[in-house]
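S.K.: Pasting in a structure now, in structure tokens, and then I'll have a few things to ask.
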Amino acid sequence: MRWTLARVAVGMGFAQLLAGGVALTPAIASDLSDQLSIKLYNGTRGTSRVEADRLVRLGNQQQQVGYSDKAIGSWLQALEIYHTIKEVEAEGTTYESLSKAYSQVGRFTEAEDAVRRSLAIARDTKNFQNQIYAANNLGTLLLQRASVSEAQKAFAEGFKVAKDINDPAGLGLSLSNLGLVAYSQGNYRDAIRYYEQAKPLREQASDPGVANTLNNLGDAYQATRDYRTALVSYRQALFVSQNSLDRPSQFRALEGLTRAFYGLGQNSNASETLDRRLALALEQNDSKQVISALKGLAQFYKAKGDLTAADSYYQQAFAIAQGINDTQEQQGLLTQIGTLRSRKFIR
């Protein structure tokens, strides 16, 4: 199925999930989203506690509809109350929530500070479950900053605690993140080993994060040019993410499948996967993914020598980029269109 500009342009006008000067890679972004969760609290009651809990719920609601800055304000107010009434565990989980929100708006220094505070509280209170996830959250942020050795230490801490309490979900998450470290260092075989160990543990725990591990595994196999095994991993990731309605992992799986098909020389299958990705992006009203899919289709037709079709897809992508005021994307697309039209003229 092919798409026209009129169909693609409907309903666009979307902002990026992550704002700020530093963009998370797909694998790390998925892990961070997967690991950081916002919890409600149980404990002592009273006027102050009730108000703090109300602010937490308000922050949750604001976060769910995309107002991360407002959520941060609500949680900071809640945090002040929890600190005053010495609700230490509630402070820890509020710091965890703040870390997620700070990450989503690109305030990574504050995100790291918040997660370090959450980890310190989890250690002090011997909350082993929170310690596992806080350590992994910290490692993910450190890895994003390319502090690889420090990230590895944080993931190893999470793994040790999870092993001590025999927590399959924590073990699977920590092993998957250790795989990210290995992958970032170019140690693809080690990354595969970690991911293969993480996969059954996350499945055992019914952890939807297994889709992220499967996508990471596909990336690692692809890096070793084992495209057939990569294809299997991406297909499994697609199946899991479809069932759990994990759209980011679904897009990653489709992107991985496209690259694996190209690696196997199965270009027609790659084209069909690009169509599926475009259809999903349109259904989700995701402008960024629409642009990526359209660019992929343009490149497919450019490689086939159908420059007219390629030009059409680039033009559609440019119209979407204009609609969301993405000037950087517009410049890149103008360059591609100019190069393409030069080739058409020369021919």
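S.K.: Using +1 at the C-beta of Lys and Arg and -1 at the C-beta of Asp and Glu, which of Ala310, Val50, Thr273 has the Cα lying farthest in the positive direction of the dipole of the chain?
M.R.: Ala310
S.K.: Rounded to the nearest 20 Debye, what is the dipole magnitude of the chain about its Cα centre when Lys and Arg each give +1 and Asp and Glu each give -1 at the C-beta?
M.R.: Using only the charged Cβ atoms, the result is roughly 960 debye.
S.K.: Taking springs between alpha-carbon atoms closer than 10 angstrom, which of Arg49, Arg116, Arg252 fluctuates most in the Gaussian network model of the chain?
M.R.: Of Arg49, Arg116, Arg252, the most mobile in the Gaussian network model is Arg49.
S.K.: Additional query: Defining a contact as two alpha carbons under 8 Å apart and six or more residues distant in sequence, what relative contact order in percent does the chain show?
M.R.: Once normalised by length, the contact order is 13 percent.
S.K.: Follow-up question, since we're still on this one. Which residue, Ala114, Ala279, Ala237, has the most motion in a Gaussian network model of the chain that connects Cα atoms within less than 10 Å?
M.R.: Ranking Ala114, Ala279, Ala237 by mean-square fluctuation puts Ala279 first.
S.K.: Mind giving me the FRET efficiency for Arg276 and Ser244? R0 is 22 Å, r the Cβ-Cβ distance, nearest 0.05 is fine.
M.R.: 0.80
S.K.: In a solvent-free Debye calculation with one equal scatterer on each Cα, what is log10 I(q)/I(0) for the chain at q = 0.12, 0.13 Å⁻¹, listed in the order of the q values?
M.R.: Debye output, listed in q order: -0.92, -1.04.
S.K.: Hey, another quick one. Using the scaling law 2.2 N^0.38 Å as the reference, what is the normalised Cα Rg of the range 243-347?
M.R.: Numbers: Rg = 14.1 Å, N = 105, 2.2 N^0.38 = 12.9 Å.
Here the answer is 1.10, to two decimals.
S.K.: What number, in percent, do you get for the relative contact order of the range 231-347 if the mean sequence gap of Cα pairs under 8 Å and at least 6 apart is divided by its residue count?
M.R.: Result for the range 231-347 is 15 percent.
S.K.: Give the lysines reachable from Lys70 as a straight Cα distance under 16 Å; neighbours fewer than 8 places away on the same chain don't count.
M.R.: Lys100
S.K.: Let me ask something additional. Can you order the peptides 90-96, 308-314 by their average number of other Cβ atoms within 10 Å per residue, highest first?
M.R.: 90-96, 308-314
S.K.: What whole-number value in cubic angstrom gives the convex hull volume per residue for the C-alpha atoms of the range 155-200?
M.R.: Looking at the range 155-200, the number lands at 49 Å³ per residue.
S.K.: Pick out which of Gly218, Gly263, Gly332 has the largest mean-square fluctuation in a Gaussian network model of the chain, springs linking Cα atoms closer than 10 Å.
M.R.: Sorting by GNM fluctuation, first place goes to Gly332.
S.K.: Same structure, new question: State the extension gain, in nm to one decimal, for the chain segment bounded by Gln328 and Ala223, taking 0.36 nm per residue of separation less the distance between their alpha-carbons.
M.R.: 35.0 nm
S.K.: Straight-line reach from Lys126: which lysines fall under 17 Å, measuring Cα to Cα and dropping same-chain residues less than 8 apart?
M.R.: Lys86, Lys160, Lys163
S.K.: Quickly work out the Phe128-to-Arg54 label distance, labels modelled 7 Å from Cα along the C-beta direction, and quote it in nm with one decimal.
M.R.: 3.8
S.K.: So, in nm, how far is label Arg341 from label Glu150 when the simple model puts each one 7 Å beyond its Cα toward the Cβ?
M.R.: Reported label-point gap for Arg341 and Glu150 is 4.8 nm.
S.K.: Which lysines have a Cα less than 30 Å from the Cα of Lys295, not counting those fewer than 8 places away in the same chain?
M.R.: Partners found: Lys304, Lys344.
S.K.: Taking 51 Å as R0, compute the FRET efficiency from the Cβ-Cβ separation of Thr47 and Val232 and round it to 0.05.
M.R.: The value I calculate is 0.35.
S.K.: If you don't mind, another one. With an 8 Å Cα cut-off and a minimum separation of 6 or more residues, compute the relative contact order for the range 53-211 in percent.
M.R.: Values: 215 pairs, mean separation 20.3, N = 159.
Taking the mean separation of contacting Cα pairs over the length of the range 53-211, I get 13 percent.
Read-outs throughout are calculated quantities, based only on the coordinates presented, and are distinct from any laboratory measurement. Quantities reported herein were computed from a predicted structural model and do not represent experimental measurements. Using ideal geometry, Cβ is built from the backbone for each residue, glycine included, and neighbour counts are taken over all protein chains shown.
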